[in-house]
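The values are calculated or read from the model by the stated rules, or taken from the named source; none is laboratory data. As the structure is a computational prediction, the values presented were derived from the model and not from experiment. Here the Cβ positions follow ideal geometry from the backbone for every residue, glycine too, while neighbour counts run over all protein chains shown. Accessible surface is based on the protein model in full, side chains and every heavy atom, while ligands, DNA and RNA are left aside. Shrake-Rupley method; radii C 1.70, N 1.55, O 1.52, S 1.80 Å.
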Amino acid sequence: VPEDQADKLLLASWGLPKAVLEKYHSLGVVQMFEWQAECLMLGQVLEGKNLIYSAPTSAGKTLVAELLILKRVLETRKKALLILPFVSVAKEKKCYLQ
């Protein structure tokens, strides 16, 4: 992330509603890793273009997907489909995203 865009590491700089930010903050998530912010700033990803990214287990891939989904749902008022690999993860995210 370029120095002049270092604020993009903070979740608060992505235009998310206060309630969403408070939920992330309550879970200890205040900022992203540099690679996560870079994913969100690529091309027209925030406008709905495709993004393919890869990272090790527990690296933070889900946060990128959540932020993209949340922004699109809130901005377009359309539904989104989030496919997760395990029932336990799906149940966790269901509670978390409600």
Would you rank 87, 64, 20 by solvent-accessible area, highest first, keeping every protein chain in place and using a 1.4 Å probe?
87, 20, 64
For residue 71, counting only aspartates and glutamates whose alpha-carbon sits under 13 Å away and dropping same-chain residues fewer than eight positions off, the answer is 47
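Residue separation times 0.36 nm, minus the C-alpha to C-alpha distance between residue 42 and residue 26: what's the value? Mind dumping the intermediate values first?
Values: separation 16, 0.36 × 16 = 5.76 nm, distance 2.80 nm.
Stretched out fully, the residue 42 to residue 26 stretch lengthens by 3.0 nm.
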Cα-only radius of gyration and Dmax that characterise the chain, units Å:
13.4, 41
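Placing +1 at every Lys and Arg Cβ and -1 at every Asp and Glu Cβ, with all other atoms neutral, what dipole size does region 3-97 have around its Cα centre, in debye to the nearest 20?
Working: 13 positive and 10 negative charges, 141 e Å.
For region 3-97, the charge dipole is close to 680 debye.
Per 0.36 nm of contour for each residue apart, how much would the distance between residue 90 and residue 69 grow if the chain were fully extended, relative to their Cα-Cα spacing? Before the final figure, lay out each step's value.
Values: separation 21, 0.36 × 21 = 7.56 nm, distance 1.51 nm.
Roughly 6.1 nm would be gained on extension.
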Restricting to Cα pairs under 8 Å and 6 or more apart, the percent relative contact order of the chain works out to 20 percent
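Figure the gain on full extension for residue 34 and residue 18 (residue separation times 0.36 nm, minus the Cα-Cα span) and round it to one decimal in nm.
Extending this stretch completely gives an extra 3.5 nm.
Under 1.5 on a/c is rounded, so check that first for region 45-98, then, if it is not, pick prolate when a/b is larger than b/c and oblate when it is not; a ≥ b ≥ c are the square roots of the alpha carbon gyration tensor eigenvalues.
On the way: a/c = 2.21, a/b = 1.19, b/c = 1.86.
Because a/c hits 1.5 or more and a/b fails to exceed b/c, region 45-98 counts as oblate.
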Region 3-97 - accessible surface per residue (Å², probe 1.4 Å)
71 Å²
Under 5 Å between amide hydrogens, which residues at least 5 positions from residue 10 or on another chain qualify, with H placed 1.01 Å from N in the peptide plane?
32
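Over region 3-97, with every protein chain in place, what whole percent of the accessible area is carbon and sulfur at 1.4 Å, could you tell me? Mind showing how you got there, number by number?
Values: 3890 of 6780 Å².
Taking all protein chains in place, region 3-97 shows 57 percent carbon and sulfur surface.
Helices from the chain with mean Kyte-Doolittle at least -0.5 and a Cα length along the axis of 18 Å or more, per DSSP H: which? Write down the numbers at each step before the final one.
Values: long enough: 61-76 (23 Å, 0.81).
TM-like helix candidates: 61-76.
Note down the net charge around residue 78, summing +1 for each Lys or Arg and -1 for each Asp or Glu among other residues with Cβ under 14 Å from its Cβ.
Numbers: positive: 71, 72, 77, 79; negative: 47, 75.
It works out to a net charge of +2.
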